[in-house]
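Visitor: Please see the structure below; I have some questions.
Quick note: the coordinates plus some simple rules give every number you see, no bench work behind them. Everything quoted here is computed from the prediction, not taken from an experiment. All Cβ positions, glycine included, derive from the backbone under ideal geometry; neighbour counts span all protein chains shown.
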Amino acid sequence: MNYWKSFSKSWILNWGVLLIVGGLILYTGYQRSLAQSSQEREQKITREKAQAVSTQVPVVQQKTEDMGAVSQQTQTDPEKKNLSIKDFPCPVHGNILRNVGNYYSESLQDYLFHAGTDYAEPEGTIIRATHEGKVVSIGLDSILGQKVTLDCGDGWIVTYGGLDNLRVQEGEIVATQGTLGQIGFFPGAEGQNGQYYLHYEVWHDNEVQRPA
């Protein structure tokens, strides 16, 4: 009888210890599972944030590049202004022989429209461009003699006539104050009794302009 009592107590004690140990193992595993799940969630959140940031970076860079382009355009645009007749001043200081308007040509015995201004200048006077432009026409004109025509952009076309010793070629870009040629005499229909002169002609949008 005592043997069975002793065996029962021992059996209960052993199973009690096993249950306690098993419970501790289960509890420890549960805690580790919670910690691992929490760590995985944090890592997932961190990865999602990193992906979101990496996705937004190109947009920020693109905006930065766009702002840089706008900034560069803003710095460049002020140099591009709308031209006016004040940007095409008189290229010489000689006396005016003939202005813009109709006149009677004795050689042709007819009225002609004079689209430019003629300035008396000594032979050999160097003529320079009043504004930069592209040479669109050069050569001998039956009325103006040797001439150079520049396209200055924005609808502005300028012709220099009565020249000699041309220094430019067609298609060339001439800077402001760039040398075009020299004054030379041509006894054409607009000849001024043997007077050397510069013919200066300014057009804008197919309309003749009077130099300021």
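Visitor: Please give the net charge around Cys152, taking every other residue with its beta carbon less than 12 angstrom from that of Cys152, where Lys and Arg add +1 and Asp and Glu add -1.
Guide: Working: positive: Lys134; negative: Asp87, Glu132, Asp151, Asp154.
With Lys, Arg at +1 and Asp, Glu at -1, the net is -3.
Visitor: So, one more: What are the radius of gyration and Dmax of the range 100-189, computed over its Cα atoms and given in Å?
Guide: Rg then Dmax for the range 100-189, in Å: 13.5, 40.
Visitor: Most exposed first by the Cβ proxy, i.e. fewest other Cβ within 10 Å, how do Val148, Val100 rank?
Guide: Numbers: Val148 26, Val100 17.
The most exposed by this proxy come first: Val100, Val148.
Visitor: Full extension from Glu132 to Ala175: what is 0.36 nm times the residue separation minus their Cα-Cα distance, to one decimal in nm? Numbers along the way, then the final one.
Guide: Values: separation 43, 0.36 × 43 = 15.48 nm, distance 0.43 nm.
Taking Glu132 through Ala175 to full extension adds about 15.1 nm, to one decimal.
Visitor: Computed FRET efficiency, Cβ-Cβ of Lys86 and Arg167, R0 25 Å: what is it to the nearest 0.05?
Guide: Working: r = 26 Å, r/R0 = 1.03.
After rounding to 0.05, the efficiency reads 0.45.
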